[in-house]
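So the structure is just underneath, and the comments pick up after that.
Only the coordinates and a few stated rules stand behind these numbers; no lab work does. Bear in mind the structure is a predicted one, so any value in this text is a computation, not a measurement. Cβ placement follows ideal geometry from the backbone for every residue including glycine, while neighbour counts extend to all protein chains displayed.
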Amino acid sequence: MSFGTGCHLHLIDGSAFIFRAFHALPPLTRKSDGLPIGAVAGFCNMLFKMVEDNTGPNAPTHVAVIFDHSGKSFRNDLYDLYKANRPPAPEELVPQFPLTRVATKAFNIACIEKEGYEADDIIAALSVQAREAGGRVTIISSDKDLMQLVGGGVEMFDAMKNKRIGVEQVEEKFGVGPDRVIDVQALAGDSVDNVPGAPGIGIKTAALLINEYGDLETLLDRAEEIKQPKRRQTLLEKREQIELSKQLVTLDVNTPIDFSMETLEVQDPDPEVLLPFLAEMEFRTLTKRVADKIGVDAPIIAEPKAAEVAAPEQPAIDPDKYECVRDAEALQRWIDLAYKRGWVAVDTETTGLDEMVVDLVGISLAVEVGEACYIPLTHKDGSDDLFGTDQLSDGQMNEVQALEMLKPLLEDPAVIKVFQNAKYDCKIFTRYGVNVAPIDDTLLMSYALNAGRHNHGMDVLSERYLDHSPIPIKSLLGTGKSAITFDRVAIDEATKYAAEDADITLRLWQMFKPQLHANQVTTVYETLERPLVPVLAQMEMNGVQVDRDTLSRMSNAFAQKMAALEAEIHELAGETFNVGSPAQVGQILFEKMELPGGKKGKTGKYSTPADVLEDLATEHDMPARILDWRQLSKLKSTYTDALQTHINAETGRVHTSYLQTGANTGRLASTDPNLQNIPVRTEDGRRIREAFVAAPGNTLISLDYSQIELRILAHVARIDSLKQAFRDGHDIHAMTASEMFDVPLDEMTPDIRRQAKAINFGVIYGISGFGLARNLRIPRGEAQGFINRYFERFPGIKEYMDDTVAFAKDHKYVQTLFGRKIHTPEIGAKGPQAGFAKRAAINAPIQGTAADIIRRAMIRMPDAIKDLPAKMLLQVHDELIFEVADDAVDQTIDVVRDIMENAADPAVHLDVPLVVDAGTGANWAQAH
DNA sequence: GACATCACG
DNA sequence: GACGTACGTGATGTCC
């Protein structure tokens with residue numbers, strides 16, 4: 001039905017409502033996992049009320065919810081301080097934003113937002129359109145900024161107070177009619193939005209003046225006539241500021257609207273979408289009310305105890321059923337389906353694995369279990385020869401057109417895009433001009449649910465949870481030298497493979513979603529996993545500049561030294577052999593030269609690790625030379641040579657890849673290349689960091705947490721003396737040494753301190769007498785004595801270790817302070833594994849809590865530094881490295897340090913302060 | 001592809 | 001009493 005006379009449009013100011021609901025309602029959390037959910041609950045109740053009252057004289061015929069688009073609006077171009085006073089949204093509210101979009105969709109209500117505009121502008125444009133078409137409008141909001149729209153068939157409704165706002169109420173508030181509201185606002189300003197206005201003039205005075213002179217322009221033109229000197233002066237001097245203020249408060253009724261009013265027509269919600277959503281949120285009362293209203297049975301909401309969620313029945317996976325999308329018409333059908341559902345599983349196929357380099361080949365989508373498609377884009381046939389005779393295969397959509405069609409869907413805040421490893425696909429899409437959001441990621445869901453139990457790759461997950469082995473990529477590409485790239489795969493084969501991946505992703509997503517709640521890891525997923533994806537993607541794309549010449553020179557120098565050492569070693573051995581072969585080294589040292597200490601490993605060969613050679617080096621030259629050679633060999637092959645091959649031809653920088661699920665504890669891992677193990681401990685090695693440089697005009701800054709794991713240990717084990725030492729800023733190893741060996745601090749020797757430091761670290765790792773003895777090279781009995789004394793002096797430590805192991809045995813997992821679960825399935829094992837599992841269980845909460853803290857800092861960082869000329873480049877477990885314009889170094893350090901030191905708040909209050917040290921320089925060696 | 005070794009926190 | 005042993009990673013070269 002077209003919009004016109006007799007129609008009634010309801011426009012719900014979504015963003016404003018969420019904020020008000022959040023602050024007005026008690027802090028409700030979801031029972032199963034503590035996810036804050038109060039604002040979503042208030043929002044859903046309001047939507048339901050609207051749906052419930054859909055008869056009667058005030059019932060809407062058309063309805064839409066309008067949200068603010070995150071980011072800046074055109075008003076920031078007018079005035080860069082606009083809304084600059086706004087504090088960031090409360091942490092408990094942040095995960096609720098995307099949920100309110102999903103809720104809107106679930107109620108089958110149009111969900112509207114637009115980049116560069118605020119919700120108010122869209123509401124203004126729609127109101128005017130509707131009014132001009134002869135219809136009525138009710139704006140569900142109490143925002144005074146919208147009051148300028150009231151009148152002529154437009155009124156407002158305060159849903160929290162259940163009160164309508166018409167012309168009369170506007171006059172009551174502003175002292176003028178709706179048509180003069182912006183004049184009053186321009187004068188009075190607004191401290192909340194940081195609209196300057198006229199200093200010293202509030203609403204009362206403003207209304208008085210406007211009523212006297214008729215309108216703002218007349219008032220300003222005749223300001224000379226005002227009797228009060230102060231008022232007159234202000235209006236004369238601040239004219240420009242007042243006029244700017246008027247621009248800021250004036251809503252843009254010409255905001256482009258790219259859909260027709262008919263699409264807003266009221267529709268009944270689909271019970272199969274709405275009820276599962278409400279049940280998932282665990283709104284027990286509302287779920288029942290909605291079910292009653294529709295006349296169906298309410299879904300049962302499990303009490304949080306049930307850890308196992310029964311897998312829903314699903315049709316079998318059949319790759320022959322997938323569709324190959326070859327034209328715009330077919331693609332549009334899939335896009336429509338995705339909008340209708342509010343979610344879509346997406347997978348990209350590319351020519352390789354390096355997201356910074358590869359080309360897009362095709363995209364697959366799945367919207368319903370078993371219903372998936374593949375959109376081939378750049379498959380080629382013909383010979384792949386040097387003459388460029390290969391051309392695009394027939395029957396493919398134009399790549400640019402397909403991306404243009406998909407972009408609005410992929411960027412639509414109301415449609416969740418589901419990936420297996422979203423970071424990869426999002427980086428590809430970013431290179432093609434599409435910023436995908438919001439996302440869900442089955443890789444990360446599995447990690448939150450199952451870290452420590454198994455890996456989280458698609459093959460593993462599919463076999464384990466769907467009992468289905470996906471088509472192996474090798475069956476399409478082949479292996480080794482004859483392997484082809486995906487663009488050379490026949491489109492029919494590619495369709496089966498690619499669409500299957502999207503189908504599997506969707507199935508896994510539907511299975512994992514309820515499990516997150518049932519296992520109480522939704523908060524972990526929502527606050528520590530999902531928001532990290534765009535942050536890591538940006539860091540990886542930033543890359544770090546690496547100077548090839550520096551590396552190349554070092555490689556040559558290392559090669560020369562190695563050649564000289566090799567000659568010496570062969571001379572000493574009396575024969576030539578491969579110094580790089582541990583087996584041959586063992587043979588020479590322990591058989592030919594008959595040195596002591598030769599131990600054979602499980603493969604029957606002598607073991608020659610560094611600590612063994614170090615012991616021999618005190619008596620003999622050869623092991624010392626071998627150690628030197630090995631160090632140089634390592635530095636050359638792994639660093640100075642290999643790093644050069646990782647310099648991106650286009651950017652001239654090195655782009656690592658972070659594995660968010662690489663370590664069970666929550667730590668990240670870095671690959672291709674690993675930039676988390678660049679040498680630092682030896683002088684020669686440290687020089688490699690000189691090759692990591694800042695771009696011209698920039699400086700590298702490095703900020704690292706001081707002793708973060710020991711601080712966490714002091715907190716979780718509740719060791720008062722350690723906590724106090726950290727609060728007092730004392731040298732913690734010296735203090736430990738003093739406690740243990742009864743040496744006053746002013747008589748402390750470096751050696752005693754070194755031993756205490758080794759013990760402190762040992763404790764974090766789940767200390768054993770044997771391990772400490774080996775580390776300190778002291779007799780085992782003596783080491784055990786140290787440990788015993790340590791436990792006597794700090795009894796809380798032993799208690800913590802025992803409690804943690806007991807918890808692990810009870811639950812088969814341990815937890816960080818932020819709720820991350822690390823599963824310990826081996827904890828009950830007998831034999832040698834038992835020790836491993838125990839120590840891992842003791843270490844995991846400490847290492848994992850530290851990892852959670854730096855993740856929280858990283859997630860907050862983009863917003864914190866958005867106005868600074870600074871880029872976050874690298875993370876090395878307790879250290880963050882930034883590249884920043886020379887003149888903003890100090891300011892950036894202040895901002896970053898503040899975020900890092902307060903990263904645990906407000907979710908966890910640590911009893912110890914977190915301290916962050918900073919360094920700066922033209923290269924990483926200086927900055928560290 | 002397994003193993004040994006060694007780079008980092 | 002014996003078992004083995006510090007926690008968490010990734011890259012490289014050798015050898016089968």
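Rounded to the nearest 500, what is chain A's calculated 222 nm mean residue ellipticity when only DSSP H runs of at least 4 contribute -39500 (n - 2.57) each, over all residues?
Values: 37 runs with 416 residues, N = 928.
Estimated from H runs of four or more residues: -13500 deg cm²/dmol.
Which distance in nm do the two modelled labels at A:ASP80 and A:GLU650 give, with both placed 7 Å along the Cα-to-Cβ direction?
Modelled inter-label distance: 3.0 nm.
Output the pairs from A:LYS83/A:LYS288; A:LYS105/A:LYS288; A:LYS31/A:LYS105; A:LYS161/A:LYS204; A:LYS821/A:LYS866 with a Cα-Cα distance over 30 Å in this structure; if there are none, say none.
Check vs 30 Å cut-off fails for A:LYS83/A:LYS288; A:LYS821/A:LYS866.
How big is the C-alpha Rg of the stretch A:319-530 next to the rule-of-thumb value 2.2 N^0.38 Å, as a ratio? Let's see the in-between values first.
Working: Rg = 17.1 Å, N = 212, 2.2 N^0.38 = 16.8 Å.
Ratio of Cα Rg to 2.2 N^0.38 Å: 1.01.
Starting at the first residue of the stretch A:526-532, write each ³J(HN,Hα) from the Karplus equation 6.51 cos²θ - 1.76 cosθ + 1.60 with θ = phi - 60°, in whole Hz, x for Gly and Pro.
So the Karplus estimates, Gly and Pro as x, are 6, 10, 10, 9, 4, x, 7 Hz.
Determine the dipole magnitude for the stretch A:8-264: charges of +1 sit on the beta-carbon of Lys and Arg, -1 on that of Asp and Glu, nothing else is charged, the reference point is the Cα centre, and the result goes in debye to the nearest 20. Before the final figure, lay out each step's value.
On the way: 28 positive and 38 negative charges, 150 e Å.
Using Cβ point charges on Lys, Arg, Asp and Glu, the stretch A:8-264 gives about 720 debye.
Over all directions, the average projected area of the alpha-carbon convex hull for chain A comes to how many nm²? Before the final figure, lay out each step's value.
Details: hull surface 190.6 nm².
For the Cα atoms of chain A, the hull's average projected area reads 47.7 nm².
In sequence order, what are the phi-derived ³J(HN,Hα) couplings for the stretch A:691-697 according to the Karplus relation 6.51 cos²θ - 1.76 cosθ + 1.60 with θ = phi - 60°, rounded to whole Hz, with x for glycine and proline?
7, 8, 10, 8, 5, x, x
Arrange the peptides A:816-823, A:151-158, A:215-222 so that the one whose residues have, on average, the most other Cβ atoms within 10 Å appears first.
Numbers: A:816-823: 22.4, A:151-158: 18.6, A:215-222: 16.0.
Packing proxy ranking, top to bottom: A:816-823, A:151-158, A:215-222.
Largest first and to the nearest Å, give the Cα extent of the stretch A:544-654 along each principal axis.
Taking max minus min along each principal axis of the Cα atoms, the stretch A:544-654 gives 54, 30, 23 Å.
Taking every pair of Cα atoms in the stretch A:8-264, average 1/r, invert it to obtain the Kirkwood radius, and report Rg/Rh to two decimals.
On the way: Rg = 19.4 Å, Rh = 19.5 Å.
Rg/Rh: 1.00.
A:ALA133 to A:ALA829: FRET efficiency via 1/(1 + (r/R0)^6), r the Cβ-Cβ distance, R0 56 Å, to the nearest 0.05? If you can, show how the numbers build up before the last one.
Details: r = 73 Å, r/R0 = 1.30.
That pair, A:ALA133 with A:ALA829, gives E of 0.15.
So for each of A:559-567, A:31-39 I average, over its residues, the number of other beta carbons within 10 Å; can you give me the resulting order with the highest mean first? Intermediate results must be reported in sequence, preceding the final value.
Numbers: A:559-567: 15.4, A:31-39: 20.6.
Ranking, from highest mean packing down: A:31-39, A:559-567.
What ranking do A:848-854, A:338-344 get when scored by the average of other Cβ atoms within 10 Å per residue, highest first?
Details: A:848-854: 25.4, A:338-344: 19.6.
Those peptides, ordered most packed to least, come out A:848-854, A:338-344.
Quick one: if you take sqrt(5λ) for each eigenvalue of the C-alpha gyration tensor of the stretch A:579-707, what semi-axes come out, biggest first, whole angstrom?
Working: eigenvalues 261, 62, 47 Å².
Gyration-tensor ellipsoid for the stretch A:579-707: 36, 18, 15 Å.
With charges set only on the Cβ (+1 for Lys and Arg, -1 for Asp and Glu), what does the dipole of chain A come to about its Cα centre, in debye to the nearest 20? Provide the component values of the computation, followed by the final result.
On the way: 97 positive and 138 negative charges, 550 e Å.
Using Cβ point charges on Lys, Arg, Asp and Glu, chain A gives about 2640 debye.
Indicate, rounded to the nearest 5 percent, the antiparallel portion of the DSSP beta bridges found entirely in chain A. Show your work: numbers first, answer last.
Values: 52 of 78 bridges.
Given both bridge residues lie in chain A, the antiparallel proportion sits at roughly 65 percent.
Among the aspartates and glutamates, select those whose C-alpha is under 18 Å from the C-alpha of A:LYS636, and discard any that sit fewer than 8 residues away in the same chain.
Filter leaves A:ASP547, A:ASP549, A:GLU566, A:ASP628, A:ASP672, A:GLU683, A:ASP684, A:GLU690.
For the stretch A:425-440, in order, what is each residue's ³J(HN,Hα) by Karplus, 6.51 cos²θ - 1.76 cosθ + 1.60 with θ = phi - 60°, in whole Hz (x at glycine and Pro)?
5, 5, 5, 4, 4, 4, 5, 9, x, 10, 9, 6, 5, x, 10, 10
Any idea what angle helix A:621-634 forms with the longest principal axis of chain A, computed on alpha-carbon atoms, 0 to 90 degrees, nearest 10?
The angle comes out at about 20 degrees.
First obtain the Kirkwood hydrodynamic radius of the stretch A:640-783 from its Cα pairs, then insert it into the Stokes-Einstein equation at 20 °C and 1.002 mPa s, and state the resulting D in µm² per second as a whole number. Working shown, then result.
Values: Rh = 18.8 Å.
Value of D from the Cα-based Kirkwood radius: 114 µm²/s.
For all pairs of alpha-carbon atoms in the stretch A:126-191, what percent lies in each bin of width 10 Å, listed from the first bin to the last filled one?
Binned Cα distances yield the sequence 23, 51, 25, 1.
What GluC sites (Glu not before Pro) does the stretch A:220-307 have in DSSP loop regions with at most 11 other beta carbons within 10 Å?
On the way: sites: A:GLU224, A:GLU225, A:GLU237, A:GLU240, A:GLU243, A:GLU262, A:GLU265, A:GLU272, A:GLU280, A:GLU282; in loops: A:GLU282.
Listed in order of number, the matching sites amount to none.
Nearest 10 degrees, 0 to 90: what angle lies between the long axis of helix A:328-341 and the longest principal axis of chain A (Cα atoms)?
90
Sorted from largest to smallest, which semi-axis lengths in Å does the alpha carbon gyration tensor of the stretch A:95-204 give for its equivalent ellipsoid, taking the root of 5 times each eigenvalue?
On the way: eigenvalues 136, 69, 37 Å².
Here the semi-axes work out to 26, 19, 14 Å.
How far is helix A:271-281 tilted, in degrees, relative to the longest principal axis of the Cα atoms in chain A, given as a value from 0 to 90 rounded to the nearest 10?
For helix A:271-281, the angle is close to 60 degrees.
Under a 5 Å amide H to amide H cut-off, with H placed in plane at 1.01 Å, what residues pair with A:TYR813 once short-range neighbours are removed?
Amide H neighbours of A:TYR813: A:THR824.
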